[in-house]
1. Can you pull out every residue in region 82-112 that is of a type outside the set (S, T, N, Q), buried (at least 16 other Cβ atoms within 10 Å of the Cβ) and closer than 12 Å to LEU42 by Cα?
2. Is at least one residue of region 94-117 of a type in the set (Val, Ile, Thr) and at pLDDT below 95?
3. Please go through region 29-44 and pick out each residue that is of a type outside the set (Lys, Arg) and either over 24 Å from GLN18 (Cα atoms) or outside any loop (DSSP other than H, G, I, E, B) (or both).
4. In region 44-75, what residues are of a type in the set (Lys, Arg) and at pLDDT below 95?
5. Which of the residues spanning region 44-73 are more than 27 Å from GLU146 (Cβ to Cβ) and surrounded by 17 or more Cβ atoms within 10 Å (Cβ to Cβ)?
6. Considering only residues that are without any contact (Cβ under 8 Å) to a residue 24 or more places away in the chain and either touching a His at 6+ places or on another chain (Cβ under 9 Å) or in a helix (DSSP H, G or I) (or both), which ones fall in region 12-28?
7. Given (1) of a type in the set (Asp, Glu); (2) at pLDDT 95 or above; (3) more than 24 Å from GLN108 (Cα to Cα), identify the lone condition not met by GLU83.
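The values are calculated or read from the model by the stated rules, or taken from the named source; none is laboratory data. Note that the coordinates shown come from a computational prediction; the quantities given were computed from them, not determined experimentally. Cβ: placed from backbone, ideal geometry, glycine included. Neighbour counts: every protein chain shown.
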Amino acid sequence: MESETFPQELADVLVRIQRLIRRRLRGGLSVPRLRGAEVELLRLVESRPGIGISDAARELHLASNSVSTLVNQLVRGGHLLRETDPADRRAARLQLTEAAEKRLDDWQRRRAELFDRHVSRLDDADREALRAALPALRRLAAGLHEKAGEA
């Protein structure tokens, strides 16, 4: 029988890993750090250039006014361009600036280096256990994403 604490232990470990990643990647930055929601929005725009604010809000499970606030901050910070949608002059389409593209590339490179360094320190059995867990973790993430609106 599965331990009743397993789901909580898994959640705790995943949150701790995410927090440690953020902390490690913030260290040594020469530019002001971006908040988690700002990075999430930039990564979404990177994967879906031209996305609108309401679609971004739905995708990130945030209120449209919250995403509008993030967009305004990121435009002021030189990370996003807000372009008028030619099909609907009231709507905006979001694009990354060159500075944001470089920043995301740097973040992804540093994250990959961090993980490569730490995963390589694990023994073969631990690395294989993590590899074997990836499909289940992806399904868990997909299920959480689908159910995000049902808290």
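1. If the condition is that a residue be of a type outside the set (S, T, N, Q), buried (at least 16 other Cβ atoms within 10 Å of the Cβ) and closer than 12 Å to LEU42 by Cα, then LEU94, LEU96, ALA100, ARG103, LEU104, TRP107 are the ones that fit.
2. Here is the first cut: in region 94-117, the residues of a type in the set (Val, Ile, Thr) are 97.
Applying the additional criterion that residues be at pLDDT below 95 yields none.
Within region 94-117 (the criterion being of a type in the set (Val, Ile, Thr) and at pLDDT below 95), the answer is no, since none of the residues qualifies.
3. Passing the criteria: GLY36, ALA37, GLU38, VAL39, GLU40, LEU41, LEU42, LEU44.
4. The first filter runs over region 44-75 and keeps only residues of a type in the set (Lys, Arg), leaving 48, 58.
ARG58, the sole residue that qualifies.
5. Taking region 44-73 and keeping what is more than 27 Å from GLU146 (Cβ to Cβ), we get 72-73.
Listed by number, the list is empty, since nothing qualifies.
6. Kept after step one, since they are without any contact (Cβ under 8 Å) to a residue 24 or more places away in the chain, are these residues of region 12-28: 12-20, 22-23, 26-28.
Matches in region 12-28: ASP12, VAL13, LEU14, VAL15, ARG16, ILE17, GLN18, ARG19, LEU20, ARG22, ARG23, ARG26.
7. It fails just one condition, (2).
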